Amino acid sequence: MDAFVPFAAIAASTLFILSLMWMSHPSTARRGVRAGEIGMLIAIIGALVHHEMVDYTLIIIAMIAGAAAGIPMALLMPMTAIPQRTAISHAFGALAVGLIGAAEYYKHAHAEYAGSFVLWALMFEMLLGFLTCTASVIAFAKLQELMGSRPVSFPGQRIVNGAVALAAVVIGVMLAIDPTQTYLFPVFVALALLFGILLVIPIGGADMPTVIALLNSYAGLAASAMGFALGNKLLIVAGALDGASGFILAVIMCKAMNRSFANVMFGGFGAVVAGAAGGKDDRVVRSASAEEAAMQLENASSVVIIPGYGMAVAQAQHKVSELYQALTKKGVDVKFAIHPVAGRMPGHMNVLLAEANVPYEQLVDLDDINPELPQADVAVIIGANDTVNPSARDDPQSAIAGMPIIEADRAKSVFVIKRSMNAGFAGIDNPIYYNSNTQMLFGDAKDMVGSIAKELAGGGSGLH
């Protein structure tokens, strides 16, 4: 069976590469998912038939425990919870890498391994693994609203973070040079875990898409380093693919927000800006009913729908699909404007709308939709806040100044479906709510969109 192991590594690596390639486009995404699943199955079989395997008891127990946790997560978690499920998956994977690294360290904690490449690789992968574990748990807690989404800061925070990171690195170097200093190892692990917490608590919820992508990259790099330590080529390839793709995605997210990594990781974005909502009570807010919105939408020639996290929370994607179908049946040209960081993870809106069978061809990114918005008769904002906030374009002092936005305010008429006038995750007010061409539709996104779709279909009192 040993002959199967290198074959499994090559086959699995090939399928992982094809999986990433196919998942880059919706028309081949399902094929990409299947390729990744088959590749992982082959990789697991290859690991199980390796000649070093002498006892399967603990492995079977671990597989049963993993399946017992994973299957309910896959079956019971709604699509709206995919961001936090992704974050907690990162935590599990990173913890596994860290624990394997710990076992390997104690296996090599002898003088003859001092300064060896294996120890250097182990220290690197454990540092990344353990900090990614706690960082991902904090990201999960913020996304699940188990803790506040606002940044947590304290005096001298950057100095403390730097000191903890430096101490972890120094101890890691000491252990690589002299692995017999086992009393330092728990300190190294504790510092790495602590640094993961300190790394994410000052980051606001508005930056979670970028953080998730970056943590994905860290987990991949840790797995790749583990591959070098164990001499496992498949781990090297799979981890490198994960690390590189996560990093590229994080770069795309930062570009979409016109911000640097340093600003995301250390800028405290998401804090409430003092005075940001000043004068809000003096401005006029115009509201409308579902019947009034339906009448205006029916008479429109072109409509742009802009989804945000509010749509995800309300699980309104299927009602949005019904609205799309009702409008298209009446000959209205409908497009969906998708911001790269809308929601809580990259591609969040795309996934939800695909689940509701909205044609991918109708999803347009902000660079392509912005030139069309001045000609759009109606823009419908569903639970989006910061990604349509004109302060990013017009106010140099705004916390989100320079961030590319979907310029919904330039449409001829704007409807905003929102529960209340509360600010978004960036913690700042949105001037679009007070524009003369804006009407607010207050209420649950699912109920409101459903009511509008019903009116358009002739099921309400306003239209026949």
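The values are calculated or read from the model by the stated rules, or taken from the named source; none is laboratory data. Note that this is a predicted model, so its numbers are computed, not measured. We place every Cβ from the backbone using ideal geometry, glycine too, and count neighbours over all the protein chains shown. To get the accessible areas, we keep the full protein, side chains included, count just its heavy atoms, and leave off ligands, DNA and RNA. Shrake-Rupley method; radii C 1.70, N 1.55, O 1.52, S 1.80 Å.
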Checklist entry - Between residue 442 and residue 41, what is the label-to-label distance in nm when each label sits 7 Å out along the Cα-to-Cβ direction? => result 5.3 nm
Item to check | the stretch 290-463, accessible area per residue, ligands and nucleic acids excluded (1.4 Å, Å²) | outcome: 37 Å²
Checklist outcome for this item: Counting only backbone N atoms under 15 Å from a point 7 Å out along Cα-to-Cβ of residue 3, the residues of the stretch 36-61 in range are none
Next on the checklist: Testing the spin-label approximation: label points 7 Å from Cα along Cα→Cβ at residue 360 and residue 315. State their distance in nm.
Outcome noted: 2.6 nm
Item to check | Separation in nanometres of the label points that stand 7 Å from Cα toward Cβ, at residue 182 and residue 367 | outcome: 5.6 nm
Item to check | Solvent-accessible area of residue 24 with every protein chain in place, 1.4 Å probe, in Å² to the nearest 10 | outcome: 90 Å²
Checklist entry - Heavy-atom accessible area of residue 55 with all protein chains present, probe 1.4 Å, nearest 10 Å²? => result 90 Å²
Checklist outcome for this item: Taking 397-409, 131-143 and ranking on average Cβ neighbours within 10 Å, highest first, one gets 131-143, 397-409
Checklist entry - Using 20 Å as the cut-off for backbone N distance, which residues of the stretch 380-407 belong to the label zone defined by a point 7 Å from the Cα of residue 285 along Cα→Cβ? => result 380-392
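Sort 151-164, 6-19 by the packing proxy (mean of other Cβ within 10 Å over each peptide's residues), most packed first. Before the final figure, lay out each step's value.
Details: 151-164: 13.7, 6-19: 18.1.
For the peptides 151-164, 6-19, the packing ranking is 6-19, 151-164.
Tell me the relative contact order for the chain as a rounded percent, counting alpha carbon contacts under 8 Å between residues six or more apart. Before the final figure, lay out each step's value.
Numbers: 811 pairs, mean separation 64.3, N = 464.
Relative contact order of the chain: 14 percent.
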Checklist entry - Could you give the radius of gyration (one decimal) and Dmax (whole number) of the Cα atoms in the chain, in Å? => result 25.0, 85
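Based on the alpha-carbon gyration tensor of the stretch 70-132 and its eigenvalue square roots a ≥ b ≥ c, which shape applies: rounded if a/c is under 1.5, prolate if not and a/b is larger than b/c, or oblate? Mind dumping the intermediate values first?
Values: a/c = 6.05, a/b = 3.26, b/c = 1.85.
Judged from the Cα gyration tensor, the stretch 70-132 comes out prolate (a/c at least 1.5, a/b above b/c).
Please arrange 218, 434, 183 by accessible surface area, largest first, computed with a 1.4 Å probe and ligands excluded.
Working: 218 55, 434 25, 183 155 Å².
Correct descending sequence by accessible area is 183, 218, 434.
When only C-alpha pairs under 8 Å and at least 6 residues apart count, what is the relative contact order of the stretch 1-97, in percent?
Values: 56 pairs, mean separation 25.5, N = 97.
RCO, the stretch 1-97: 26 percent.
Rounded to the nearest 500 deg cm²/dmol, what is the calculated helix-only ellipticity per residue at 222 nm for the chain, with -39500 (n - 2.57) per DSSP H run of length n ≥ 4? Spell out each step's value before the answer.
Working: 17 runs with 261 residues, N = 464.
The helix-only estimate for the chain comes to -18500 deg cm²/dmol at 222 nm.
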Checklist entry - With all protein chains present and a 1.4 Å probe, how do 295, 126 order by accessible area, largest first? => result 295, 126
Next on the checklist: At R0 = 45 Å, how high is the FRET efficiency between residue 48 and residue 173 if r is their beta carbon distance? Nearest 0.05 is fine.
Outcome noted: 0.80
Next on the checklist: Computing the accessible area with a 1.4 Å probe over protein heavy atoms, can you report the carbon and sulfur percentage for the chain?
Outcome noted: 64 percent
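So how do 64-71, 304-311, 90-97, 415-422 stack up, highest first, on mean other-Cβ count within 10 Å?
304-311, 90-97, 415-422, 64-71
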